[in-house]
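Here's the structure, in structure tokens; my notes come after.
Taken together, the values in this text are just the output of simple stated rules run on the coordinates, not laboratory data. Since we're looking at a predicted model, the values are computed, not measured. Quick reminder, even Gly has a Cβ in these numbers, built from the backbone with ideal geometry, and neighbours come from all protein chains shown.
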């Protein structure tokens with residue numbers, strides 16, 4: 001006799017179009033009933049268009065009908081919304097007090113580090129007016145969905161991504177909205193996007209301490225934030241404002257990352273502190289958290305980001321950052 005476990009294994013092989021993750025990974029399986037040689041499967045319709053639902057119905061029936069002694073497979077859909085289905089273990093935000101410090105780069109590298117460790121990862125690009133995550137990952141399609149929600153797009157390594165840039169007619173169109181509207185759109189990315197089952201969701205916050213960081217800290221259950229900054233004294237001063245905001249909102253600070261920390265001369269290997277002496281130790285001491293990484297100015301990393309190939313980046317610096325980030329995040333509840 002066919003068991004429920006066998007059925008779930010088969011459903012785990014049915015890939016949802018557009019997002020390229022399985023029905024079980026997207027948490028769309030709501031019920032499995034087996035009686036004699038007949039079977040009934042109940043799926044959620046959240047964020048699924050009619051065409052996608054019909055394709056899934058046919059695919060599920062075809063795969064399950066091939067099991068021994070199964071004469072009929074019925075597939076029904078029940079109404080639901082993404083926020084009732086999403087099961088995200090940990091949400092981590094990357095923030096800074098100032099723009100231009102490489103916060104999105106840190107977000108991308110953090111997601112990549114987790115994905116390489118076998119974790120299921122998503123990125124919520126909350127930098128609505130200056131989104132760069134899709135470009136970095138080479139994603140330029142439009143999200144699929146229905147009136148109940150949207151499906152994120154998947155990167156080459158399976159990182160789920162949702163960004164305002166994916167919803168614009170042209171990627172260079174400006175988003176000219178007031179703060180409360182932008183904040184509401186970020187909240188919709190949290191509630192109305194079908195993230196499914198994720199180990200980590202990384203939120204790329206806009207710079208500063210305005211409406212969006214406030215909305216995220218108040219409405220999304222953050223496990224903590226990671227602070228990104230560069231060595232300049234001016235940047236360090238402004239970033240301290242972001243640190244104080246997180247502390248006042250009782251959001252744990254998990255670690256600090258210094259970007260553009262130095263430059264290694266290719267011919268000699270000598271180190272040049274282009275933006276001044278490192279502030280990593282000072283910032284870590286101020287916050288009371290570890291240094292997760294000191295990322296240099298790396299022309300290869302810049303080239304890969306420009307070409308949408310950040311997932312190909314590999315270096316000793318990346319390995320060190322991955323190890324430090326995994327050690328810290330593994331202790332977060």
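A straight line joining the Cα centroids of segment 251-271 and segment 24-103 runs 41 Å. Between residue 15 and residue 285, the modelled label-to-label distance comes to 5.2 nm, taking each label 7 Å out from Cα in the direction of the beta carbon. In this rough spin-label picture, where each label sits 7 Å from Cα along the Cβ direction, the residue 327-residue 40 distance is 5.4 nm. Put simply, when 35-48, 79-92 are sorted by average Cβ atoms within 10 angstrom per residue, most first, you get 35-48, 79-92. The modelled label-to-label distance between residue 314 and residue 69, using points 7 Å beyond Cα along the C-beta direction, is 4.8 nm.
At 10 °C and 1.306 mPa s, what whole-number value in µm²/s does Stokes-Einstein give for the translational diffusion of segment 1-135, with Rh from the Kirkwood sum over Cα pairs? D = 91 µm²/s. If you take the alpha carbon atoms of segment 66-193 and fit the smallest convex hull around them, that volume is 168 Å³ per residue. Placing one equal scatterer on every Cα of segment 241-283 and applying the Debye formula, the log10 ratio I(q)/I(0) at q = 0.22, 0.28 Å⁻¹ is -0.79, -1.00.
Computed from Cα atoms alone, the Kirkwood hydrodynamic radius reported for segment 4-80 is 12.4 Å. Distance between the C-alpha centres of segment 175-249 and segment 273-333: 19 Å, rounded to the whole angstrom. Which log10 I(q)/I(0) values does segment 178-309 give at q = 0.12, 0.17, 0.18, 0.21 Å⁻¹ under the Debye formula, counting every alpha carbon as one identical point scatterer? Log10 of I(q)/I(0), two decimals: -0.59, -1.04, -1.11, -1.26. The long axis of helix 179-191 is offset from the longest Cα principal axis of the chain by roughly 40 degrees. For the chain, a Gaussian network of Cα nodes joined below 10 Å ranks 267, 311, 33 by mean-square fluctuation, and the top entry is 267.
Before rounding to the nearest 500, sum -39500 (n - 2.57) across all DSSP H runs of length at least 4 in the chain and divide by the residue total; then give [θ] at 222 nm in deg cm²/dmol. About -10500 deg cm²/dmol.
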